[in-house]
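What follows is a set of notes on a single structure, which appears directly below.
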Amino acid sequence: MPFYLNVALSFLVALLWVERLRDRGYLFQHFLSWPLVILVAFQCIVLTPLQTFHFRFHHDWALAYLVDPDLHPSVDSLLTLWTLLAAILPFGAALAAYAIARIPFDKPKSRAPRFTLVGACVVVVLTIAFLWRELLYLGEYNEFFLGEARFLLITPTGVGGVVQFLACCALLYYGPRLMERIPRESSNLG
């Protein structure tokens with residue numbers, strides 16, 4: 001997925017992950033808990049490698065064709081730094097969303113996670129609505145603006161994005177079932 005959507009996806013997955021586990025409050029007695037470990041592991045095993053691959057090999061697409069490499073040649077020379085940022089920012093978004101989603105466990109009347117979830121969904125929908133062409137067509141900067149970019153879903157990168165999305169759905173669907181196997185006495189790591 002492009003960089004902007006991967007940051008939003010990391011944020012949304014973390015919010016939805018805690019929301020799916022909301023009825024198991026004993027898991028969230030401490031910040032460092034099994035849901036956080038699983039979220040970080042998922043981020044490191046699934047989302048970060050795919051995002052760094054997309055950014056490293058299709059950086060024009062990952063940046064939504066917003067940076068013209070002819071006008072800004074330093075973008076290509078700083079590709080390693082950009083790739084590092086592409087790995088760190090989604091991870092930071094996931095941690096921030098996890099921290100926001102934990103607020104009701106400390107302050108039960110807080111509606112911050114719900115407002116954040118609605119806001120994040122609105123941002124994702126608006127981003128997809130305005131940048132749908134940049135999302136669906138893969139190529140170099142010049143190919144995109146000349147109309148020669150390939151349709152995303154028929155490329156290996158598009159298949160990787162579909163796998164990434166399906167992995168997020170699988171975590172949110174099957175993850176809570178796996179959390180039931182953790183005994184209550186070992187539910188927190190802190």
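Does residue 86 satisfy being in contact with a helix residue (DSSP H, G or I) (Cβ under 9 Å, 6 or more places away or on another chain), among the hydrophobic types (A, V, I, L, M, F, W, C) and either closer than 30 Å to residue 69 by Cβ or assigned to a helix (DSSP H, G or I) (or both)?
Values: in contact with a helix residue (DSSP H, G or I) (Cβ under 9 Å, 6 or more places away or on another chain): yes; among the hydrophobic types (A, V, I, L, M, F, W, C): yes; either closer than 30 Å to residue 69 by Cβ or assigned to a helix (DSSP H, G or I) (or both): yes.
When the stated conditions are applied, residue 86 passes them.
One line per residue, one yes/no per condition, for (1) in contact with a Pro (Cβ under 9 Å, 6 or more places away or on another chain); (2) outside any helix (DSSP H, G or I); (3) under 17 Å from residue 7 (Cα atoms):
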| position | (1), (2), (3) |
| --- | --- |
| 120 | no, no, yes |
| 126 | no, no, yes |
| 133 | no, no, no |
| 148 | no, yes, no |
| 164 | no, no, yes |
| 173 | no, no, no |
| 178 | no, no, no |
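Just to be sure, is residue 157 touching a strand residue (DSSP E or B) at 6+ places or on another chain (Cβ under 9 Å), in contact (Cβ under 8 Å) with a residue 40 or more places away in the chain and either farther than 22 Å from residue 51 by Cβ or of a type outside the set (Gly, Ala, Ser) (or both)? When the stated conditions are applied, residue 157 passes them. Residue 12 fulfils the conditions (1) modelled with pLDDT under 80; (2) assigned to a helix (DSSP H, G or I) except for a single criterion, (1).
For the stretch 36-78, the helices (runs of 4 or more DSSP H) that sit wholly inside it and include 1 or more residues that are under 16 Å from the mean Cα position of the chain (by Cα) and closer than 20 Å to residue 132 by Cα are 48-57, 59-62.
The values are calculated or read from the model by the stated rules, or taken from the named source; none is laboratory data. Owing to the predicted nature of the structure, the values given are computational and were not obtained by experimental measurement. No Cβ is skipped: glycine too gets one built from the backbone with ideal geometry, and neighbour counts run over all protein chains shown.
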